[in-house]
Amino acid sequence: MSDVEARELVYEGKAKKLFATGDPDLLLQYFKDDATAFNAKKRGTIIEKGVRNNAISEVFFRLLEREGVPTHFVRRLDDRHMLVKRLEIVPVEMVVRNVIAGSLAKRLGIEEGKALPEPIVEFYYKSDALDDPMINEWHVRVLGMATQAEIDRMVELTLKVNAVLRPFVAERGIVLVDMKLEFGRHHGTIILGDEICPDTCRFWDSSSGEKLDKDRFRRDLGRVEEAYEEIARRVGA
Ligand code: UDP
């Protein structure tokens, strides 16, 4: 793995592991093939998912950095490892939506597929034990998860990421329906972390509407690996 040595495991999530490196400022992000849905009530493996998500995330992080979005991406080391900046993660999942789908469709009883006149930003509290409940800015600020200035910055960056990625994928025949982003502090500054891939975004083929993301796994639609491969191919990963 080139010049970077993986040391102790500092965190293991459902889809990734994070290892310390010789540099206290940097971590190694390892992408697994494990797939979970419905808060890990459904489990499985998506063959080569880790390889695809690492490569797809690299493409998106490089593009975002070029467009002025600060991210934790340093470089991709090999098929399954990415070198990233160490973050103090903000325990909030930021979701941005362009088209109604998933939990929004369910909660409001609206059919999936309705385009929104402008993006909607939502906050969820990162807690497996509680099933990631939806919260609002007040909870985030008053309960001390982030300051108002940090919330404002996360919203600004979430909308910027959406504004950059949406046309990029549109040019490649993909609708960015919605996505989940995570942010953290690096030396006190809010930057984008985690990964951006078919696990964390909904991607629909622009002409057929075919789902090219983790919903194929969640909803047992088949051809799961093919969807990840297709997204990787179209974005040039
Ligand atoms: N999402 C995610 N992790 C989560 C929940 C949601 O990456 O724990 C992503 C999901 O893939 C989709 C977007 O966030 O692109 C919005 O998800 P939604 O709230 O509709 O929930 P879901 O239907 O996935 O339960």
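Every number in this text was worked out from the coordinates using simple rules, so none of it is lab data. These numbers were taken from a predicted model, which means no experiment stands behind them. A quick note on method: Cβ atoms are made from the backbone with ideal geometry, for glycine too, and the neighbour counts reach across all protein chains shown.
Go through the range 217-234 and give me each residue that's buried (at least 20 other Cβ atoms within 10 Å of the Cβ) and either touching a residue at least 60 places away in the same chain (Cβ under 8 Å) or within 12 Å of the ligand (Cβ to nearest atom) (or both).
Phe217, Val224, Tyr228, Ile231, Ala232
Restricting attention to the range 5-16, does a residue exist that is among the hydrophobic types (A, V, I, L, M, F, W, C), out of contact with any Leu (no Cβ under 8 Å at 6 or more places or on another chain) and part of a strand (DSSP E or B)?
Start the filter on the range 5-16 by keeping residues that are among the hydrophobic types (A, V, I, L, M, F, W, C), which leaves 6, 9-10, 15.
If we keep only those that are out of contact with any Leu (no Cβ under 8 Å at 6 or more places or on another chain) as well, we get 15.
Now narrow it down to the ones that are part of a strand (DSSP E or B): none.
For the range 5-16, residues among the hydrophobic types (A, V, I, L, M, F, W, C), out of contact with any Leu (no Cβ under 8 Å at 6 or more places or on another chain) and part of a strand (DSSP E or B): absent.
Is one or more of the residues making up the range 104-119 surrounded by fewer than 20 Cβ atoms within 10 Å (Cβ to Cβ), free of Cβ contacts under 8 Å to residues at least 40 places away in the same chain, in a strand (DSSP E or B) and within 15 Å of the ligand (Cβ to nearest atom)?
Yes, the conditions are met somewhere in the range 104-119.
Just to verify a result, which residue in the range 111-149, among those that are acidic (Asp, Glu) and over 18 Å from Phe183 (Cα atoms), is farthest from the chain's Cα centre (by Cα)? Step through it out loud before you land on a result.
Applying the first criterion (acidic (Asp, Glu)) to the range 111-149 yields 111-112, 118, 122, 128, 131-132, 137.
Next, only the ones that are over 18 Å from Phe183 (Cα atoms) stay: 111-112, 118, 131.
Working: Glu111: 24, Glu112: 21, Glu118: 20, Asp131: 17 Å.
Restricting to residues being acidic (Asp, Glu) and over 18 Å from Phe183 (Cα atoms), the top hit is Glu111.
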